[in-house]
Amino acid sequence: MIEDDPAPAPGDPAAPMPAPPAAPDAEATDLLAAEGAVLEGVRVILAALPTLPLAPGVYRMLDARGDALYVGKARAIRRRVAAYTQIARLPERLRRMVHETRSLEVISTASEAEALLLEANLIKRLRPRYNIVLRDDKSYPWLVLHEDHPYPQIAKHRGERRKGASYWGPFASAWAVNQTLTALQRVFLLRSCRDTVFDTRHRPCLLHQIKRCSAPCVGRISEADYAGLVAQARQFLSGETPSIQKDLAREMEAAAERLEFERAAALRDRIRGLTHVQGQDRINVEGVGDADVVALHQGPGQSCVQVFFFRGGRNNGNRPYFLTHPKQEQPAEEILGAFLGQLYDDLPPPPTVLLSHEPPEAALIAEALSIKAGRRVALHRPQRGDKRGVVEHAESNAREALERRMAEGTAQQALLRGVAEIFDLPAQPERIEVYDNSHIQGANAYGVMIAAGPAGFLKQAYRKFGIKGEIRPGDDFAMMREVFERRFGRAAREDPGRESGTWPDLVLIDGGLGQLNAAREVLAELGCDDIPLVAVAKGPDRDAGREWFHRAGLPPLQLPPRDPVLYYLQRLRDEAHRFAIGTHRAGRSKTLVRSELDDIPGVGPALKRQLLNHFGSARGVRNASLADLEAASGIGPAAAKRIFEHFHPGTEC
């Protein structure tokens, strides 16, 4: 993040005799004395100043609980931190931060550029309250070409990169990567199936039938010809589409001259597919190969940044990012500078970044990104031409996205006010938690919690609870008790003062009076019975729109069938139900694929696969003699003995 300097750092850190740190100014001292207040934060900073280095690095302001209030970077840490004692010169946001500061930590770095990278990493991880924070927990999809096979597979990928594969991206969304994957299948006929499927095919799959795969699994294409398709796909992903189109046209004409009309028709279809892909590009910018377009639109208390990803001259889609910051006016240039460091904390920067505003320390940011990328990265704010046009297009998208979000937020606020009125809450709820259970006759039982607030569903706050206690199958009340004991018992231990912002203002339960009473008992035992609790019971014939809302000590109530607040509460209940069903199904799937071989110590996936391939089933392994196990391919004597003793304990080997 580019920090908004509370005061200019005097002097040059390279000077032989650095100036001493500034003392609190007389105006600030008089102000504090007049108020009769003791600014503990200034005391903490003054006490720490003599031990701070005059070197580049990162500092963290911490509150009384040790949580990060603010993270900043500096060319000379001592000078920068000393500026926080000059209270009268600080904006209101930083004054409040200093008031809450009770300790600070510093980390020295080799250069200011390294400090900027570390600062961005810490802001994204710690999410300090007084920093501009990018709240985005989504990973980026990539295209991967697995090259450790004679017929490489093209597929989507999220997560860490692995050896033996080539990656292209990032893409802004799963939709964008799916579009490109479909294009690669239509034009280059590359396989997308896993190796396990590839090795067991005996006839072409449906993708071959619809002309989206060359069927290498059944020998419909030679290894050399498939390698040619892979090379063309690489060219396409690198932006060399015109040359590919010319090569395909030449091949089509040559095939027609040789009267190979079927091959000519297949090449014609591939050319059409390539033309279709080119026509789908919504923005084509002359001279842009690998670049990101980053544009910001500012609003009160939040800003939207639109990022368009261009790779190989192709538009890989765009994604909006919403930044939270204080409502006091902050320059758009500083906000964009803060965003860039966090954006590229877990994303490789491209050679060029086109910007709508020039950050105050653009040269430093470019240097830091170059260090991260291992090559030169240039930041550019175009003033005219096609590149300026694409930046303006991104700015327009940012403005529209922020307007939509603010409109949705206004509607959400009205719904939350309605919830507060209906359930007699003291204020509009900032966090609503909804609980549900899912199981089949007690098997694979899970409880779940979802959360929602003014910004919508809080996906990062969702929780799953695998039921662990000795509970009678199908006892929903006992399951609810266990979930509440674990959720609120932990919260009561770790945050008894309810300062973390993770305590709910309203709890909804999918169920009736039984679930409500079970939850009430647990909250009473934990001393948390002041949390408003409502059970949502399905109405007659389980019809949506006729739900009953149960509260302790009050008669149940129903809302009018077309009440917007009712629709909102139904949506919360349905989201909890969806999450519970999905969690249960995932757990059940794991159980179904689990084998008794998984319980043998030292038997991992590879050895398990060898055993099943040799003996045909887990039962075959269980019934095998020691000699049979030792004779199996890839099973050594030690492993064979261990497996035999697992199934036949106490038997002489």
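Only one of these is surrounded by 15 or more Cβ atoms within 10 Å (Cβ to Cβ), touching a Cys at 6+ places or on another chain (Cβ under 9 Å) and not assigned by TED's automatic domain parsing to the domain that holds PHE549: ARG399, ARG381. Name it. Give the derivation first.
Working: ARG381 fails: touching a Cys at 6+ places or on another chain (Cβ under 9 Å).
Residue meeting the stated conditions: ARG399.
Quick one: what pairs do we get from the range 497-508, first residue assigned to a strand (DSSP E or B) and at pLDDT 90 or above, second surrounded by 12 or more Cβ atoms within 10 Å (Cβ to Cβ) and among the small types (Gly, Ala, Ser), C-beta under 8 Å, 6+ apart or different chains?
These pairs meet every condition: VAL507/ALA519; LEU508/ALA535; LEU508/ALA576.
Would you please name the residue that is surrounded by the fewest Cβ atoms within 10 Å (Cβ to Cβ), looking only at residues in the range 331-356 that are of a type in the set (A, V, I, L, M) and in a helix (DSSP H, G or I)? Spell out how you get there, then give the answer.
Initially, the range 331-356 is screened for residues of a type in the set (A, V, I, L, M), giving 332, 335-336, 338, 340, 343, 347, 353-355.
If we keep only those that are in a helix (DSSP H, G or I) as well, we get 332, 335-336, 338, 340, 343.
Numbers: ALA332: 17, ILE335: 22, LEU336: 28, ALA338: 26, LEU340: 27, LEU343: 22.
Taking the candidates together, the pick is ALA332.
Taking HIS157 as the residue in question, decide whether it is closer than 24 Å to SER222 by Cβ and not assigned by TED's automatic domain parsing to the domain that holds PRO50. Walk me through it before giving the result.
Numbers: closer than 24 Å to SER222 by Cβ: no; not assigned by TED's automatic domain parsing to the domain that holds PRO50: yes.
No: the conditions fail for HIS157.
Criterion first (within 26 Å of PRO320 (Cβ to Cβ), buried (at least 22 other Cβ atoms within 10 Å of the Cβ) and not aliphatic (A, V, I, L, M)) does ASN131 satisfy it?
Yes: the conditions hold for ASN131.
Being within 14 Å of ALA580 (Cα to Cα) and surrounded by fewer than 20 Cβ atoms within 10 Å (Cβ to Cβ) is the requirement here; does TYR462 meet it?
Yes: the conditions hold for TYR462.
Please give the helices (runs of 4 or more DSSP H) falling wholly within the range 204-313 in which 3 or more residues are within 33 Å of the chain's Cα centre (by Cα) and either closer than 30 Å to THR352 by Cα or modelled with pLDDT of 80 or more (or both). Full working, then the answer.
Details: elements: 206-209, 223-237, 241-257, 261-280.
By residue number, 223-237, 261-280.
Can you confirm whether GLY228 is without any contact (Cβ under 8 Å) to a residue 24 or more places away in the chain, within 24 Å of PRO350 (Cβ to Cβ) and not aromatic (Phe, Trp, Tyr)? Walk me through it before giving the result.
Details: without any contact (Cβ under 8 Å) to a residue 24 or more places away in the chain: yes; within 24 Å of PRO350 (Cβ to Cβ): no; not aromatic (Phe, Trp, Tyr): yes.
So GLY228 does not fit the description; no.
Mind telling me which of the residues ASP541, ASP530 ends up being at pLDDT 90 or above and either on the phi > 0 side of the Ramachandran plot or in a loop (DSSP other than H, G, I, E, B) (or both)? Walk me through it before giving the result.
Working: ASP541 fails: at pLDDT 90 or above.
After applying the criteria, what remains is ASP530.
I'd like to verify a number: residues in the range 642-653 that are touching a helix residue (DSSP H, G or I) at 6+ places or on another chain (Cβ under 8 Å) and closer than 14 Å to LEU597 by Cα, how many? Step through it out loud before you land on a result.
Filtering the range 642-653 for residues touching a helix residue (DSSP H, G or I) at 6+ places or on another chain (Cβ under 8 Å) gives 643-644, 646-647, 651, 653.
Then keep just the ones that are closer than 14 Å to LEU597 by Cα; that gives 643-644, 646-647.
Residues that pass the stated criteria total 4.
Residue under question is ARG571, and the condition is that it be in a helix (DSSP H, G or I), modelled with pLDDT of 75 or more and in the same structural domain as LEU458 (by TED's automatic domain parsing); does it hold?
Values: in a helix (DSSP H, G or I): yes; modelled with pLDDT of 75 or more: yes; in the same structural domain as LEU458 (by TED's automatic domain parsing): yes.
Answer is yes for this residue.
Select from the range 43-54 the residues that are assigned to a helix (DSSP H, G or I) and under 37 Å from the mean Cα position of the chain (by Cα) and write down the one among them that is farthest from ARG96 (Cα to Cα).
If we filter the range 43-54 for residues that are assigned to a helix (DSSP H, G or I), which is where we start, we get 43-51.
Next, from what is left, pick out any that are under 37 Å from the mean Cα position of the chain (by Cα): 44-45, 48.
Details: VAL44: 14, ILE45: 14, ALA48: 19 Å.
Only one residue tops the list, namely ALA48.
If I ask for residues that are over 21 Å from GLY447 (Cβ atoms) and under 28 Å from the mean Cα position of the chain (by Cα), which ones from the range 490-518 would you list?
Going residue by residue through the range 490-518, those that are over 21 Å from GLY447 (Cβ atoms) are 496-501.
Residues satisfying the conditions are ARG498, GLU499, SER500, GLY501.
Name the one entry in ALA115, ALA74, ALA110, ALA120 that is more than 28 Å from GLY317 (Cβ to Cβ), crowded, with 22+ Cβ neighbours inside 10 Å and modelled with pLDDT under 90. Break it down into steps so the answer makes sense when it comes.
On the way: ALA74 fails: modelled with pLDDT under 90; ALA110 fails: crowded, with 22+ Cβ neighbours inside 10 Å; ALA120 fails: more than 28 Å from GLY317 (Cβ to Cβ).
The unique qualifying residue is ALA115.
Determine whether the range 94-117 contains at least one residue that is aliphatic (A, V, I, L, M), within 35 Å of the chain's Cα centre (by Cα), closer than 20 Å to ALA338 by Cα and part of a loop (DSSP other than H, G, I, E, B). Reasoning before the result, please.
Of the range 94-117, the ones aliphatic (A, V, I, L, M) are 94, 97-98, 104, 106-107, 110, 113, 115-117.
Filter once more, so that each one left must be within 35 Å of the chain's Cα centre (by Cα): 94, 97-98, 104, 106-107, 110, 113, 115-117.
This time we only want the ones that are closer than 20 Å to ALA338 by Cα, so: 94, 97, 106-107, 113, 115-117.
From the residues that got through so far, the ones that are part of a loop (DSSP other than H, G, I, E, B) too are none.
The answer is no; no qualifying residue exists.
With (1) within 23 Å of the chain's Cα centre (by Cα); (2) of a type in the set (S, T, N, Q); (3) surrounded by 14 or more Cβ atoms within 10 Å (Cβ to Cβ) as the list, and SER139 as the residue in question, which single condition is left unmet?
It fails just one condition, (3).
The values are calculated or read from the model by the stated rules, or taken from the named source; none is laboratory data. Keep in mind it's a predicted model, so treat the numbers as computed, not measured. Every residue, glycine as well, gets a Cβ built from its backbone with ideal geometry; the counts of neighbours run over all protein chains shown.
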